[in-house]
Every structure is written in structure tokens, then in C-alpha cells.
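Report on the following structure.
FYI, it's all coordinate maths here, none of it is from the lab. Only a predicted model underlies this, so the values are computations on that prediction, with no experimental measurement involved. As a convention, Cβ positions derive from the backbone with ideal geometry for all residues, glycine included, and neighbour counts pool all protein chains shown.
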Amino acid sequence: MQANGNTSDTREVIVAVQKNGDGDITAFKTSTGRQLDYQAALQEVQAGQIAGVNAFKGRDGEMYIRGDADGDPSNNLDQLPLF
């Protein structure tokens, strides 16, 4: 990161999601158009290959993907368009 706050982050970001009948996110679409199922996306998030999201362990012990906390609810994963 440069001192003025600009970064040269060229990682993909998640731009759309797919949900099941219960409203749970099951797949992601990236800024380059790639479609990733949940497990593939989780592996890439954990490897630091996708920007704006992080992995966390839920109460059930499973790993989940969530958007980075930035105070802007409009870019939460649940608010992204469907594909």
C-alpha cells in the first residue's frame, strides 16, 4: 500500500451470488465473470485471492465467507445481485 492510501490490488471481487430455496448463498460470481461454488470460493478467500471478503468459523465449527466489515450494508454479500 502506498502512503497516500492507493493500492494496486488487482484481486477479483465478488459481484453476484446464487442462493438456494432457503436464501443461503451457494455460489459466487467474480468481477472477471468466473462462477465459483461455495467450497471453491472459500478456498480462494482463505488463500487471499479474492478481495473484500474473509473466512470465519461459525458456531457450528464450519467455515463461512462474509464481506469485510466496512460499515456499508449495501455491499454485504446478501445484498449483491443474483446470477
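Rounded to whole numbers, the Karplus 3J(HN,Hα) couplings from phi for the stretch 31-45 are 5, 9, x, 5, 10, 10, 6, 4, 5, 5, 5, 4, 4, 5, 4 Hz, using 6.51 cos²θ - 1.76 cosθ + 1.60 with θ = phi - 60°, and x at Gly and Pro.
The phi-based Karplus calculation (6.51 cos²θ - 1.76 cosθ + 1.60; θ = phi - 60°) puts the 3J(HN,Hα) values of the stretch 56-70 at 9, 8, x, 4, 7, x, 7, 8, 9, 9, 9, x, 4, 5, 10 Hz, whole numbers, x for Gly and Pro.
Amide H contacts for Glu12 (H built 1.01 Å from N in the peptide plane; partners 5 or more residues away or on another chain; cut-off under 5 Å): Ala51. Taking Cα extents along the principal axes in Å as the quantity of interest, determine which of (i) 30, 22, 20; (ii) 37, 36, 26; (iii) 45, 28, 24 was computed from the displayed structure. Label of the calculated value: (iii). Label zone (Ala69, point 7 Å along Cα-to-C-beta; backbone nitrogen cut-off 12 Å) within the stretch 18-61: none.
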